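The values are calculated or read from the model by the stated rules, or taken from the named source; none is laboratory data. Quick caveat: nothing in here was measured; it's all calculated off a predicted structure. We place every Cβ from the backbone using ideal geometry, glycine too, and count neighbours over all the protein chains shown. Just the protein is used for accessible areas: all its heavy atoms, side chains included, with ligands, DNA and RNA removed. Shrake-Rupley method; radii C 1.70, N 1.55, O 1.52, S 1.80 Å.
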Amino acid sequence: MSSSVEIYVRYSGDGSGLAHRAAEDFGALTYFSTDGSSAVPIQAQPWIGIEGWAHLDLEPTDLTLYGEPGSAEDTALAPYEWVFSLSFRVGPPDDPAEVLERFGRVVFDQLTTLGLPLAYGAGGLIYADFLPGRGVREFPPDTDVEEPGQAWWFEPRLHGQPLEPWSVDVAPLSVPPSNPVTVFVTSKVLQFVPRVWDGADWYWGTPRSSTPITAQPREIALMLSHAQRTRPGRAADESESILSVLAGGILTSIEDYRAQAISIEIGTDADGLFAAPHGPCDTESGSRELLGPALDGLVRRLPEPVRPEALGEFLLSLIAATRSQLKEGPHFGRRSEAHMASKVVYLVSAFGEVEQPLLQQLRADLGLRGGGRLTDAEDEEFGSRGESVGDGEETKVLLSLWRSGATVWTLRMSYDGDTRPPEALIDDYRAECLRAFERAGMVVRRELRRGSPTRRGVGPEGCQYRAPQQRHDEGDTEMFGRAMTIHLAGNIDRERVDALRSSLSLQREGRFDDDYDQRLGRRTDDVEGGRLRIGLYRDDTHGPWSFRVLSEGEPTAAALRAVEEEIIAAVRANNLDVERLSLS
């Protein structure tokens, strides 16, 4: 049996609304949406009596992406616009295949409450389907989704020509918004937390949704709009538990989250929509308030109704104005042009909570001077030192300390000039960096050494892997993060795109001739320690092209290396070249 089971949904609305409704129905604390896809983590215990977390991922089918069923044409799956993929790992004595199929059936049965046509199956088989007004049909074992099983699954209202429209909306935006929503903003993510009226009082509701801050204005507006229409459900009024989920979503501590996140309260009144920004919390006061000080001078209003694009642009412009006001005064940790132009030869990243005494220790151990402020979420660089090497001292070597988020710290050795530093010097810097992180009690998560003539392994830039190590406290929301990018040389025509999809078993995505379609295929693998998602990307129809590998959980170094080798083999098999490989 495959590592996931699928529930296909006939639904013409937006995916984030479908994900929001599913998160409500399954009692999920949170969900994540981006680029039309969503991930809903579900606690298994209430549904099948087994401890653990399941992944319920929502993706558009070809019918949504291109207006035609593509490879699903003439199959039982042809009429469905969306697909939920459920994955859940268990160990002995449980049978993983039996548990997964049983869990999938529970999810399928629960989703019938949406009032939408559904189909449940896996691995080219269909187990059951549902049609409102008719009910559930059970199919014999091994019923094929293609022509051999057509006598069982054919339904004139779904598989006839033309297809009957299905107009049920599970997340109607025509319903007036009833909930105020607080949008928490960090450097990378927007998180939406609704407040829900229970008939007597307001409480913080669930699910709490999130999307990258780089999302399109329309997608941001839809996420906000669905949060405004959250139905009453499980109350979660404790600020600490809310902060635990929000901070866990970006893998940082509660204190660091409170110190960096700004927030915007959004509500409606007789005059339309209003938005009231708040600055970061004062972490030194001892207060456990969820919101920082109000910035009354930045309160904005927007008449309703407005197009989703306009609502999203309104929110993004207010976020920019809030950040601009908070940035007044000197800032030390910004990325300089000199650092952006230098060539990195070695870097090492480590995970750990760094407070001021530990930061001072790192700087002292490494001889670093200057740097940013821990309380400023925009500060990236936290110290550097330089030396000149070579006979004529023509090469300037720089060692610098950088922060990504709040708990991932990176030491970079870079140089300016035409001559690469000697390998022995790079070895010395590497040993010094590793000693400093070890003394600080930090966990090294990856190393990268570029261009070494003695490099080992596959990859044109000599990447040396360590297993990614991420902290996931109980209740944290797992999300995909960038692990590796393989950049391809030259442009690629349609035939080679199809060949790469076929070689790597990628799901077809995007239209080759459309500049706005940047992802042309992807797949998700369950691997030891987590999951890996492989995507084929381009900037536009003229390239450049790359494969991006995203990780969730803690995939092992061996799993990453195996995927890298598989991609590079497929590239070379199709007479293409790898330009460079980078770890992120």
**Asked** How far apart, in nm, are two points set 7 Å out from the Cα along the Cα-to-Cβ line at GLN150 and at ASP74?
**Response** 0.7 nm
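Evaluate 2.2 N^0.38 Å with N set to the residue count of the stretch 92-230, then give the Cα radius of gyration divided by it.
Expressed relative to 2.2 N^0.38 Å, the Cα Rg reads 1.40.
Between VAL443 and ASP513, 0.36 nm times their residue separation minus their Cα-Cα distance comes to what?
That pair, VAL443 and ASP513, stretches by 20.7 nm at full extension.
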**Prompt:** Given a 1.4 Å probe, how much area per residue of the stretch 485-562 is accessible, in Å²?
**Reply:** 43 Å²
**Prompt:** Under the classification rounded if a/c is under 1.5, otherwise prolate if a/b is larger than b/c and oblate if not, where does the stretch 86-150 fall, given a ≥ b ≥ c as square roots of the Cα gyration tensor eigenvalues?
**Reply:** oblate
**Mean projected area (nm²) of the alpha-carbon convex hull when the stretch 1-156 is viewed from all directions** = 9.1 nm²
**Message:** For the pair ALA557/ASP365, report the inter-label distance in nm, with labels modelled 7 Å from Cα in the Cβ direction.
**Reply:** 2.0 nm
**Message:** Modelling each spin label as a point 7 Å along the Cα-to-Cβ direction, I'd like the ASN491/ARG137 distance in nm, to one decimal.
**Reply:** 4.8 nm
**Asked** How much area per residue is accessible in the stretch 5-151 when the probe is 1.4 Å and only protein heavy atoms are counted (Å²)?
**Response** 37 Å²
**Asked** Efficiency by 1/(1 + (r/R0)^6): what FRET value for ASP198 and ARG420, r their Cβ-Cβ distance, R0 = 51 Å, to the nearest 0.05?
**Response** 0.20
**Request:** Select from LEU86, TRP204, LEU116 the residue farthest towards the positive end of the dipole of the stretch 52-208; place +1 on Cβ of Lys and Arg, -1 on Cβ of Asp and Glu, and compute about the Cα centre.
**Result:** TRP204
**Prompt:** Carbon and sulfur together cover what percent of the accessible area of the stretch 482-547 at a 1.4 Å probe radius?
**Reply:** 40 percent
**Using a Förster distance of 22 Å, the FRET efficiency for ARG105-GLN45 (Cβ separation, nearest 0.05)** = 0.85
**Fill in**
So, for the Cα atoms of the stretch 509-584, Rg and Dmax in Å stand at 13.2, 38
**Asked** Ranked by accessible surface with a 1.4 Å probe, highest first, in what order do ARG363, ARG548 come?
**Response** ARG548, ARG363
**Request:** Using only Cα atoms, locate the centre of the stretch 134-160 and the centre of the stretch 527-560, then give the distance between them in Å, rounded to an integer.
**Result:** 35 Å
**Asked** For ARG231 and ARG373, what is the calculated FRET efficiency with R₀ set at 45 Å and r taken between the beta-carbons, to the nearest 0.05?
**Response** 0.60
**Request:** Find out how many positive minus negative residues lie around HIS278, taking Lys and Arg as positive, Asp and Glu as negative, among other residues whose Cβ is under 12 Å from that of HIS278.
**Result:** -3
**Request:** Report the full-extension gain for the segment GLU255 to ASN574: residue separation times 0.36 nm, less the Cα-Cα distance, to one decimal in nm.
**Result:** 109.8 nm
**Stretchable slack from ASP498 to ARG385, in nm (0.36 nm times residue separation minus alpha-carbon distance)** = 35.8 nm
**With every protein chain in place, the stretch 88-219: carbon and sulfur % of accessible area (1.4 Å)** = 56 percent
